[in-house]
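Inspection log for the structure reproduced underneath, given as structure tokens.
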Amino acid sequence: MSTTTDNPTLAPPTGIKEAPVQLPPVGELTEAQLRGHRCVWCANPLDPARCVDLGERIAEDGYRCFPRACTIRTVAMVHAQLVEHSATCEQCADDDTLCAETAELRRALRDGRRL
Ligand SMILES: [Zn+2]
Ligand SMILES: [Zn+2]
């Protein structure tokens, strides 16, 4: 396998503006979910000591959201996203320790498993 010659034209990881963990569309989320009081995926109330911070998001109208999720859903959803991502990401095929998306997905997964 050749990994040294081609420099892929994909946007560099530092250019990623959105946190990589994919969330349901904003239109499907309630105020309590956007504020991090309830899980973004299952809508259950969250225990502040046992939930995963998914990073600040900005909605289209500039509204700042701080979504969080329960650990069970985080592990399931983020693991699925990580598998899907690594199957299509050139950076990960080359060296996944350099991929910012994978780093963030793994961080969320680690938080979900630890709590
Ligand atoms: Zn949940
Ligand atoms: Zn990647």
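The values are calculated or read from the model by the stated rules, or taken from the named source; none is laboratory data. A quick note: this is a predicted structure, and the numbers were derived from the prediction, not measured. Note that we place each Cβ from the backbone using ideal geometry, even for glycine, and neighbour counts take in every protein chain shown. Just so you know, the surface numbers come from the protein's heavy atoms only, side chains and all, with ligands and any DNA or RNA stripped out. Shrake-Rupley method; radii C 1.70, N 1.55, O 1.52, S 1.80 Å.
Mind listing the phi-derived Karplus ³J(HN,Hα) values for the stretch 101-111, rounded to whole Hz, using 6.51, -1.76 and 1.60 with θ = phi - 60°, and x for any glycine or proline?
5, 5, 4, 6, 5, 5, 4, 5, 5, 5, 4
In Å², what does the accessible area per residue of the stretch 25-114 work out to with a 1.4 Å probe?
60
In a shell of Cβ-Cβ distance under 13 Å around residue 96, excluding residue 96 itself, what net charge do Lys and Arg (+1) and Asp and Glu (-1) give?
That works out to -4.
Please give, to one decimal in nm, the separation of the simple spin-label points placed at residue 83 and residue 44, each 7 Å out from Cα toward the Cβ.
The two pseudo-label positions are separated by 2.1 nm.
Got a number for carbon plus sulfur as a percent of the stretch 24-64's accessible area, 1.4 Å probe?
Percent of accessible area from carbon and sulfur atoms in the stretch 24-64: 49.
So between residue 76 and residue 58, what do we pick up on full extension, going 0.36 nm a residue minus the alpha carbon distance?
4.1 nm
Taking the mean number of other Cβ atoms within 10 Å as a proxy for protection, how do you rank 98-106, 86-94, 71-79 from highest to lowest?
71-79, 98-106, 86-94
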